[in-house]
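**Q** The structure under discussion is supplied below as C-alpha cells; questions concerning it will follow.
The values are calculated or read from the model by the stated rules, or taken from the named source; none is laboratory data. Remember, predicted model here, so these are calculated numbers, not experimental data. A quick note on method: Cβ atoms are made from the backbone with ideal geometry, for glycine too, and the neighbour counts reach across all protein chains shown.
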Amino acid sequence: MFSKSDKSLVIAGPCVLDSTEVNLQIANTIKAICQELKLSYIFKASFDKANRLSMSSPRGMGLESAKERFLEVKSTLFVPITTDVHDIHQVSAIREFIDVIQIPAFLSRQTDLIVEAARHFNWLNIKKGQWMAAEGMQHAVEKAKEANPHCQVWVTERGSQFGNDRLIVDFRGVEVMQGFADAVILDCTHSTQMTGMGKTGGDRELAKRYARAAGIFGYDGVFIEAHPRPEEAISDSDSQVEIDWLTSWIDSL
C-alpha cells in the first residue's frame with residue numbers, strides 16, 4: 001500500500017461520497033497523474049459525517065447506499081479506498097470494500113474503536129485530535145499495534161485548536177510523530193476549518209499553501225479533499241480545492 005521508501009502518498013477525494021459520475025471523475029483524474037509520477041494514491045470519501053456542527057448539516061448517504069458507490073470506484077479504477085468510521089459496528093461492515101480505515105480526530109482516544117479497527121485492517125489512519133499535542137498520539141498508535149502487530153499505523157495532522165473557532169498547524173509535530181508512526185500525513189483541507197454561525201467554514205487558498213508546505217516540512221503524504229466544482233460539494237465546500245489545481249500541484253512534485 002505505502003511505505004516510507006515510497007516517494008509520497010496522496011489521499012484525495014470528495015469530503016462526502018458524491019454521484020457516481022463525480023466520484024469516478026475525481027478518482028480517475030488523480031489516479032492518472034499519480035500513476036505517471038509513481039506516487040501512491042488512495043481515494044477518500046465519507047459515507048457519514050457523524051460529527052457535523054449542526055443538525056441541519058448534510059451527513060452523507062449512509063453505509064448501505066455508500067457500499068455500491070465505493071465498489072464502483074474500486075471495480076472500475078482498481079484504486080485503494082479509505083473512509084472514516086464512528087461506531088465499532090461499522091468496522092467489520094466496511095471490510096470487504098475499504099482498504100484503509102480512518103479514525104476521526106474527535107475519536108482518536110476511543111480505545112475500543114481503535115482496537116477494533118486494527119483487528120480488522122492492516123492499514124489504519126488515525127487523525128490527531130485537535131486538542132492533542134503530537135506526543136500524545138503515541139498512545140493511540142500503541143493501542144493499534146498491540147491489537148495487531150502487523151497493522152501499519154499512520155497519523156494525520158489536522159490542526160490544533162487555536163482560540164475558540166479556528167485551527168492552526170504546528171509543523172514541529174511531524175518529526176515527533178514520525179518517531180512512532182509508520183507515516184505522518186498532513187490534512188491540508190480540514191486544518192483550515194473555522195467554526196461559527198452554525199456552520200464549519202474553511203479556507204481553500206490556505207489549504208493550497210499547506211499542500212505546498214507539506215514537502216518542505218517532511219510529511220510522508222497529504223490528505224486533501226478535492227472536487228470538480230468545490231462550491232457545489234455536499235460538504236466542506238469552503239475548504240475543498242479544485243481538482244484541476246490539485247492535479248497541477250501533484251505534477252509539480
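**Q** I'm trying to understand the selection: among the residues of the stretch 1-45, which are within 19 Å of Arg229 (Cα to Cα), outside any loop (DSSP other than H, G, I, E, B), in contact with a strand residue (DSSP E or B) (Cβ under 8 Å, 6 or more places away or on another chain) and free of Cβ contacts under 8 Å to residues at least 60 places away in the same chain?
**A** Those that are within 19 Å of Arg229 (Cα to Cα), outside any loop (DSSP other than H, G, I, E, B), in contact with a strand residue (DSSP E or B) (Cβ under 8 Å, 6 or more places away or on another chain) and free of Cβ contacts under 8 Å to residues at least 60 places away in the same chain: Asn23, Ala27, Lys31, Phe43.
**Q** Okay, next question. Between Glu175, Glu225, Glu157, which is over 17 Å from the mean Cα position of the chain (by Cα) and among the charged types (D, E, K, R)?
**A** When all the criteria are applied, what remains is Glu175.
**Q** Consider the stretch 198-233. How many of its residues are surrounded by 17 or more Cβ atoms within 10 Å (Cβ to Cβ) and either of a type in the set (Asp, Glu) or assigned to a helix (DSSP H, G or I) (or both)?
**A** Residues that pass the stated criteria total 10.
**Q** Tell me which of these Ser252 doesn't satisfy, since it passes every other one: (1) farther than 17 Å from Gln25 by Cβ; (2) modelled with pLDDT of 95 or more.
**A** For Ser252, the exception is condition (2).
**Q** Would you mention how many residues in the stretch 235-247 are touching a residue at least 60 places away in the same chain (Cβ under 8 Å), touching a Pro at 6+ places or on another chain (Cβ under 7 Å) and not hydroxyl-bearing (Ser, Thr, Tyr)?
**A** So the answer is 2.
**Q** Here is a further query. Report, by residue number, each residue of the stretch 234-253 that is part of a helix (DSSP H, G or I) and out of contact with any strand residue (DSSP E or B) (no Cβ under 7 Å at 6 or more places or on another chain).
**A** Passing the criteria: Asp244, Trp245, Thr247, Ser248, Trp249, Asp251.
**Q** Now, a different point. Please count how many residues of the stretch 197-234 are of a type outside the set (Asp, Glu), closer than 24 Å to Arg59 by Cα and in contact (Cβ under 8 Å) with a residue 24 or more places away in the chain.
**A** 16
**Q** Would you please name the residue that is nearest to the chain's Cα centre (by Cα), looking only at residues in the stretch 109-139 that are over 17 Å from Val174 (Cα atoms) and outside any helix (DSSP H, G or I)?
**A** Among those that are over 17 Å from Val174 (Cα atoms) and outside any helix (DSSP H, G or I), it is Leu124.
**Q** Still on this structure, I have one more. Filtering the stretch 38-65 down to residues that are modelled with pLDDT of 95 or more and aliphatic (A, V, I, L, M), which residue is farthest from Met1 (Cα to Cα)?
**A** Ranking the qualifying residues of the stretch 38-65, first place goes to Ala45.
**Q** Evaluate the stretch 134-142: report whether one residue or more is touching a Phe, Trp or Tyr at 6+ places or on another chain (Cβ under 6 Å) and farther than 30 Å from Leu24 by Cα.
**A** yes
Okay, residues lined up against (1) aromatic (Phe, Trp, Tyr); (2) closer than 19 Å to Leu107 by Cα; (3) without any contact (Cβ under 8 Å) to a residue 40 or more places away in the chain; (4) out of contact with any Ser or Thr (no Cβ under 9 Å at 6 or more places or on another chain):
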residue	(1), (2), (3), (4)
Lys143	no, yes, yes, no
Glu146	no, yes, yes, yes
Gly159	no, yes, yes, no
Val176	no, no, no, yes
Gln193	no, yes, no, no
Trp249	yes, no, no, yes
